[in-house]
Amino acid sequence: MKKQLAGITLILMAGSLLCSAQTIPGGKAFNIREEKDNERLIKQFDKDGDGKLSESEKTAAKAAMDERIKRLDTDGDGKLSEKERKAGREQMMKKLDTDGDGKISDEERKAAGRKKGTGSAAE
C-alpha cells in the first residue's frame, strides 16, 4: 500500500510537471512547479545524499515511474488515459483524505509523509 501511494504521488507529480509547463516570450519553456517537484524527486531517489540524481538514480526513478504507470494502466496500452489518471487521483485522495472532507490538509500530508518515512508528503 505504501509503495502504491508513493507511486501514485510520483505519477501525479510527473503529470503536474507536464500539465503546468508553459512557454514564456522567447520560446523558453518553464514550469511553475518544477523546482518543488524536482526537490521531491531528488529527496526520494537520491540514495547517496549528494543533492542530485546520478545516472543510476535517474534509472531507478524512471523504473519506479514506469512500474507505477503500469499498475495504473488498466487497459495495458502503455499510457495513462484521463480515466486512468482520474482513478489514480481518486485512490490517492481516498488514502490521504482521512477526515473525508474532499481536501488534503497540511496535517494529512504530513501524516502521509510520516507513514512513508519522509517526514512530510508535501516536502
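Restricting the range 101-123 to residues that are open to solvent by less than 70 Å² (accessible area, probe 1.4 Å) and not in a loop (DSSP other than H, G, I, E, B) leaves a set whose member that is modelled with the highest pLDDT is GLU108.
When the residues of the range 52-79 are filtered to those that are farther than 24 Å from GLU35 by Cβ and touching a residue at least 12 places away in the same chain (Cβ under 8 Å), the one that is surrounded by the most Cβ atoms within 10 Å (Cβ to Cβ) is LEU72. With respect to the stated conditions, THR98 fails to be hydroxyl-bearing (Ser, Thr, Tyr), open to solvent by 80 Å² or more (accessible area, probe 1.4 Å) and assigned to a helix (DSSP H, G or I).
The values are calculated or read from the model by the stated rules, or taken from the named source; none is laboratory data. This structure is a prediction, so every number in the text was calculated from the model and none was measured. Backbone-built Cβ (ideal geometry, glycine too); neighbour counts: all protein chains shown. Remember, those area values only see protein heavy atoms, side chains included, never the ligands or the DNA or RNA. Shrake-Rupley method; radii C 1.70, N 1.55, O 1.52, S 1.80 Å.
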